[in-house]
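K.L.:
I have a structure here, written as structure tokens, and I will follow up with some questions on it.
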Amino acid sequence: MSEIPVIAQDKPGKKLIMLGNEAIARGILEAGVIVAAAYPGTPSSEIMPALAKCVPYHPELRVEWSVNEKVAFEIAHAGSMSNVRSIAVMKHVGLNVASDAFMTACYHGVRGGLVVVSADDPSQFSSQNEQDNRYYGLHAIAPVFEPSTAQEAKDMLKYAFQFSEENNSVVVFRTTTRLNHGRADVEFGDILKLNRTPEFDWDRHRWTCVPSSTRPQRTEILLRMKKMTEEADDFPFNKLTISEEKINGKRYGFIATGIAYAHMIDALNFHGIKDKVSILKLGLVNPLPQKLIKKLMTSVDELLVAEELEPIFEEQCKAFAYDWELGDKVKIHGKDFLPQQGEFKPETLITQLAKFVGLDYTPPESATLDILVPPRLPQMCPACSHRNIYWIMKQFSKKHKMKFVNNSDIGCYSLGVYKPLEMVDTMLCMGGSIGMANGFAKIMPDDILVTAFMGDSTFFHSGVAPLINAVYNKNNMLIIISDNSFTSMTGGQDNPSNGITLTKEQGTKILIEDVVKGCGVPEENIWVHEAYDMEGLKEKFEQAVNAKGVRVFIPRHMCSLQEMRLVKKNKIKLPVIKVDHDVCIGCQTCVRQFGCPAISFDYEKRKASIDQEQCRGCKTCIYICPSKAFYIVEE
């Protein structure tokens with residue numbers, strides 16, 4: 001066996017610079033977790049691969065990429081029912097997908113500790129919204145933890161399983177992008193070996209969610225939350241520091257959690273006033289520690305609540321102040337000083353904190369470049385197969401003067417909304433492309449083609465049900481499932497389309513066309529074709545357009561990023577493609593309409609050229625060039 005990866009080593013006290021997500025994975029290992037399931041989603045995607053590295057050295061671990069977050073949570077819930085510690089990992093919108101199971105599981109409680117990692121994405125770095133999943137704790141009557149550093153993420157996650165078991169409660173573990181993707185020193189702890197034998201207790205009254213079971217469970221969950229509220233002040237990751245000093249004649253206080261707390265401490269240190277103010281650092285964010293909050297409120301004249309996204313703490317603190325008749329004794333601030341949109345920037349805290357405490361501070365002017373740098377839109381990679389099918393669709397629409405309502409989905413192909421392709425008309429959520437196409441198909445006139453565009457991973461995630469709906473209701477639409485065999489946008493994770501499991505073992509490869517056929521789409525309405533064969537792709541696409549009913553077109557080629565890794569590993573020689581400048585007419589079809597990043601254009605010479613470092617030899621440029629200026633260099 002090869003050398004044990006550092007993350008898997010049982011060496012308490014060892015220190016290592018770790019990604020926040022790696023620290024979370026280490027916390028899962030140290031907690032004695034047996035079952036871990038997830039669907040990849042940024043910013044949580046690195047947690048499970050890091051944990052998977054530990055499996056050969058900790059064979060009690062059972063890990064998997066699930067087809068979606070609901071399935072991942074249900075797997076973890078079953079593990080908890082079987083008295084082993086279990087975890088489900090997902091990004092914030094993933095909890096929406098899992099929420100049907102999650103909400104009721106919170107009624108059931110736990111046997112083995114059960115934690116849900118919800119990685120929120122303030123500023124929407126790679127998400128369709130920036131929802132604040134602390135609300136799920138309020139909604140589900142579940143405790144919510146939020147760490148501030150990578151070290152705390154590891155330690156707090158380990159503690160979360162103990163807390164879950166002691167309080168018979170599912171724990172929501174909220175992180176944000178800055179913590180997930182930041183790096184910091186992390187000191188290892190012991191790896192717990194609980195030696196529990198997985199076993200089921202056949203407690204039907206507890207585990208079945210019929211009303212006769214869940215009505216009393218509703219009472220129980222409220223009692224559990226009451227107990228957790230009473231004990232919240234003793235939560236080990238909450239910390240209150242009281243200062244009697246004043247600034248400009250007033251005593252100031254702060255409440256913060258997560259990365260907001262880290263930035264707030266930096267801002268206080270920047271202004272040299274950290275020891276002159278009172279601070280409540282929260283680790284348990286639902287329920288809130290009311291005794292600590294009351295002590296803070298009675299110790300200050302003005303209080304600033306620093307929290308990213310929604311004013312949840314602010315509103316709760318104002319309600320507490322009213323109930324405790326402190327409204328005329330302490331003034332509570334929050335979103336009147338700090339933004340409700342996006343993640344906090346350090347300079348925002350430095351500037352707004354100075355305003356709050358009345359310091360004389362002028363922020364420095366932002367540095368400006370002498371050269372104006374043009375904005376760069378996100379774009380698909382060189383040789384991306386999604387670009388090819390979008391090109392075929394667009395050319396067909398132009399040639400036949402046919403309008404599409406093209407409903408896209410969540411994935412790399414979402415970038416087709418931008419120039420130069422501009423082929424995405426709607427995009428909502430995972431699986432939403434086929435779902436919305438069902439609606440458009442019912443009302444659009446016959447001269448408008450209703451299409452749905454999604455990738456392979458998204459199809460397995462949430463495309464099957466709306467496809468069955470389309471077949472059942474005879475909704476006329478064309479569904480394009482662009483199969484690149486990986487969950488590419490979140491980092492190239494494996495999925496059923498390639499059949500490789502999280503632990504890099506060969507699982508069962510599932511062909512999309514087999515699933516589609518099983519959903520009731522007739523074989524004559526299913527087309528599968530190599531996405532780099534542009535002429536054949538065009539022919540098959542036209543056949544699909546001209547057919548009737550529900551039809552499915554599957555362009556297929558491995559993700560070009562993944563393919564290049566194989567090319568380099570196996571030292572495969574790619575075709576070398578160049579531009580014949582004597583033939584190039586400078587029409588810019590390659591850069592202004594197709595948009596491959598490997599192609600550039602010299603505006604003085606009016607000629608295109610290829611960056612050989614980026615080119616992957618897909619040969620598509622040879623097909624799309626109207627003057628046939630691209631050619632393969634013969635050896």
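The values are calculated or read from the model by the stated rules, or taken from the named source; none is laboratory data. If you're wondering where the values come from, they're calculated on a predicted model, not measured in any experiment. So basically every Cβ, Gly included, is an ideal-geometry build from the backbone, and we count neighbours across all protein chains shown.
K.L.:
Does region 361-376 contain any residue that is without any contact (Cβ under 8 Å) to a residue 40 or more places away in the chain and either crowded, with 20+ Cβ neighbours inside 10 Å or closer than 30 Å to residue 485 by Cβ (or both)? Before you say what the answer is, go through the steps one by one.
P.N.:
Narrowing region 361-376 to residues without any contact (Cβ under 8 Å) to a residue 40 or more places away in the chain: 362-376.
Retained after the next criterion (residues that are either crowded, with 20+ Cβ neighbours inside 10 Å or closer than 30 Å to residue 485 by Cβ (or both)): 376.
Yes - at least one qualifying residue is present in region 361-376.
K.L.:
Which residue, of 349, 415, 338, 326, is more than 30 Å from the chain's Cα centre (by Cα) and surrounded by 12 or more Cβ atoms within 10 Å (Cβ to Cβ)?
P.N.:
Of 349, 415, 338, 326, the one residue that is more than 30 Å from the chain's Cα centre (by Cα) and surrounded by 12 or more Cβ atoms within 10 Å (Cβ to Cβ) is 326.
K.L.:
Just one of 548, 504 is in contact (Cβ under 8 Å) with a residue 24 or more places away in the chain, more than 24 Å from residue 438 (Cβ to Cβ) and not in a helix (DSSP H, G or I); which is it? Walk me through it before giving the result.
P.N.:
Values: 548 fails: more than 24 Å from residue 438 (Cβ to Cβ).
From the options 548, 504, the qualifying one is 504.
K.L.:
All but one of (1) in contact with a strand residue (DSSP E or B) (Cβ under 9 Å, 6 or more places away or on another chain); (2) of a type outside the set (Gly, Ala, Ser); (3) assigned to a helix (DSSP H, G or I) hold for residue 468; which doesn't?
P.N.:
Exception for residue 468: condition (1).
K.L.:
Return yes or no: is residue 41 farther than 17 Å from residue 153 by Cα, in contact with a Lys or Arg (Cβ under 9 Å, 6 or more places away or on another chain) and buried (at least 24 other Cβ atoms within 10 Å of the Cβ)?
P.N.:
Details: farther than 17 Å from residue 153 by Cα: yes; in contact with a Lys or Arg (Cβ under 9 Å, 6 or more places away or on another chain): yes; buried (at least 24 other Cβ atoms within 10 Å of the Cβ): yes.
Yes; evaluated as a whole, the condition is true for this residue.
K.L.:
Here's another thing I want to ask about it. Kindly provide the set of residues from region 270-323 that are closer than 24 Å to residue 156 by Cα and of a type in the set (Gly, Ala, Ser), ordered by number.
P.N.:
Across region 270-323, the qualifying residues are 278, 283, 306.
K.L.:
Conditions first: (1) closer than 30 Å to residue 361 by Cβ; (2) part of a helix (DSSP H, G or I); (3) charged (D, E, K, R); (4) modelled with pLDDT under 95. Residue 295 passes all but one, so which condition is the exception?
P.N.:
(4)
K.L.:
Can you name every residue in region 144-173 that is among the aromatic types (Phe, Trp, Tyr) and closer than 14 Å to residue 224 by Cα?
P.N.:
Start the filter on region 144-173 by keeping residues that are among the aromatic types (Phe, Trp, Tyr), which leaves 145, 159, 161, 163, 173.
Answer for region 144-173, where residues must be among the aromatic types (Phe, Trp, Tyr) and closer than 14 Å to residue 224 by Cα: just 163.
K.L.:
Anything in region 191-237 that is among the aliphatic types (A, V, I, L, M), over 32 Å from the mean Cα position of the chain (by Cα) and closer than 21 Å to residue 100 by Cβ? List them, or say none.
P.N.:
Within region 191-237, the subset among the aliphatic types (A, V, I, L, M) is 191-192, 194, 210, 221-223, 225, 228, 232.
Now drop any that are not over 32 Å from the mean Cα position of the chain (by Cα), which leaves 210, 223.
The answer is 210, and nothing else.
K.L.:
Next question, about the same structure. Residue by residue through region 576-617, note down the ones that are part of a strand (DSSP E or B), farther than 20 Å from residue 385 by Cβ and of a type in the set (A, V, I, L, M). Before the answer, list the steps.
P.N.:
Restricting attention to region 576-617, the residues satisfying the condition of being part of a strand (DSSP E or B) are 577-579, 599-602, 607-610.
Retained after the next criterion (residues that are farther than 20 Å from residue 385 by Cβ): 578-579, 600-602, 607-609.
Matches in region 576-617: 579, 608.
K.L.:
Limited to region 327-340, what total is found for residues that are farther than 12 Å from residue 303 by Cα and either in contact with a Phe, Trp or Tyr (Cβ under 9 Å, 6 or more places away or on another chain) or not in a loop (DSSP other than H, G, I, E, B) (or both)?
P.N.:
The number of residues fulfilling the criteria is 1.
K.L.:
Sticking with this structure for a sec: I'd like the full set of residues that are in a loop (DSSP other than H, G, I, E, B), under 20 Å from residue 246 (Cα atoms) and touching a Gly at 6+ places or on another chain (Cβ under 7 Å), limited to region 298-316. Steps first, answer last, please.
P.N.:
In the first step, residues of region 298-316 are kept if they are in a loop (DSSP other than H, G, I, E, B); the result is 298-301, 307-311.
Among the residues that remain, those that are also under 20 Å from residue 246 (Cα atoms) are: 298-301.
Passing the criteria: 299, 300.
K.L.:
Picking from 598, 608, which residue would you name as being small (Gly, Ala, Ser), over 18 Å from residue 561 (Cα atoms) and under 41 Å from the mean Cα position of the chain (by Cα)? I'd like the intermediate steps shown before the answer.
P.N.:
Details: 598 fails: over 18 Å from residue 561 (Cα atoms).
Exactly one residue qualifies, and that residue is 608.
K.L.:
Let me ask you something else. Quick one: what pairs do we get from region 14-40, first residue outside the structural domain of residue 460 (by TED's automatic domain parsing) and farther than 21 Å from residue 163 by Cα, second among the basic types (Lys, Arg) and surrounded by fewer than 24 Cβ atoms within 10 Å (Cβ to Cβ), C-beta under 9 Å, 6+ apart or different chains?
P.N.:
Note: pairs meeting the criteria are 17/183; 18/183; 19/183; 20/178; 20/183; 22/183; 39/70.
K.L.:
Restricting attention to helices (runs of 4 or more DSSP H) lying wholly within region 50-165, give those where 1 or more residues are in contact with a Leu (Cβ under 9 Å, 6 or more places away or on another chain) and over 26 Å from residue 342 (Cα atoms). Give the derivation first.
P.N.:
Numbers: elements: 69-81, 92-108, 134-140.
By residue number, 69-81, 92-108.
K.L.:
Here's something else I'd like to know. Any idea which residue in region 311-323 is surrounded by the fewest Cβ atoms within 10 Å (Cβ to Cβ), counting only those that are touching a helix residue (DSSP H, G or I) at 6+ places or on another chain (Cβ under 7 Å) and closer than 30 Å to residue 124 by Cα?
P.N.:
Going through region 311-323, the residues touching a helix residue (DSSP H, G or I) at 6+ places or on another chain (Cβ under 7 Å) turn out to be 312, 317, 320-321.
If we keep only those that are closer than 30 Å to residue 124 by Cα as well, we get 312, 317.
Working: 312: 20, 317: 26.
Top of the filtered list is 312.
K.L.:
As an exercise: evaluate residue 45 against (1) free of Cβ contacts under 8 Å to residues at least 40 places away in the same chain; (2) in a loop (DSSP other than H, G, I, E, B) and give the number of the one condition it does not meet.
P.N.:
If we test residue 45 against (1) free of Cβ contacts under 8 Å to residues at least 40 places away in the same chain; (2) in a loop (DSSP other than H, G, I, E, B), just (1) comes out false.
K.L.:
Among 435, 416, which is the only one that is touching a helix residue (DSSP H, G or I) at 6+ places or on another chain (Cβ under 6 Å), in contact (Cβ under 8 Å) with a residue 24 or more places away in the chain, more than 24 Å from residue 498 (Cβ to Cβ) and part of a helix (DSSP H, G or I)? Please lay out each step first, then the result.
P.N.:
Details: 416 fails: more than 24 Å from residue 498 (Cβ to Cβ).
Answer to the check: 435.
K.L.:
Starting from residues that are under 19 Å from residue 622 (Cβ atoms) and without any contact (Cβ under 8 Å) to a residue 60 or more places away in the chain, keep the ones in region 507-539 and report whichever is surrounded by the most Cβ atoms within 10 Å (Cβ to Cβ). Quick ask: steps written out before the conclusion?
P.N.:
Residues of region 507-539 that are under 19 Å from residue 622 (Cβ atoms), as a first pass: 529-539.
Remaining after also requiring without any contact (Cβ under 8 Å) to a residue 60 or more places away in the chain: 529-530, 533, 536, 539.
Values: 529: 20, 530: 14, 533: 17, 536: 13, 539: 14.
The residue in question is 529.
K.L.:
Here is a further query. Out of all the residues in region 199-214, which are touching a residue at least 24 places away in the same chain (Cβ under 8 Å) and not in a helix (DSSP H, G or I)?
P.N.:
To start, the set of residues in region 199-214 that are touching a residue at least 24 places away in the same chain (Cβ under 8 Å) comprises 199-201, 206-207, 209, 214.
If the condition is that a residue be touching a residue at least 24 places away in the same chain (Cβ under 8 Å) and not in a helix (DSSP H, G or I), then 199, 200, 201, 209 are the ones that fit.
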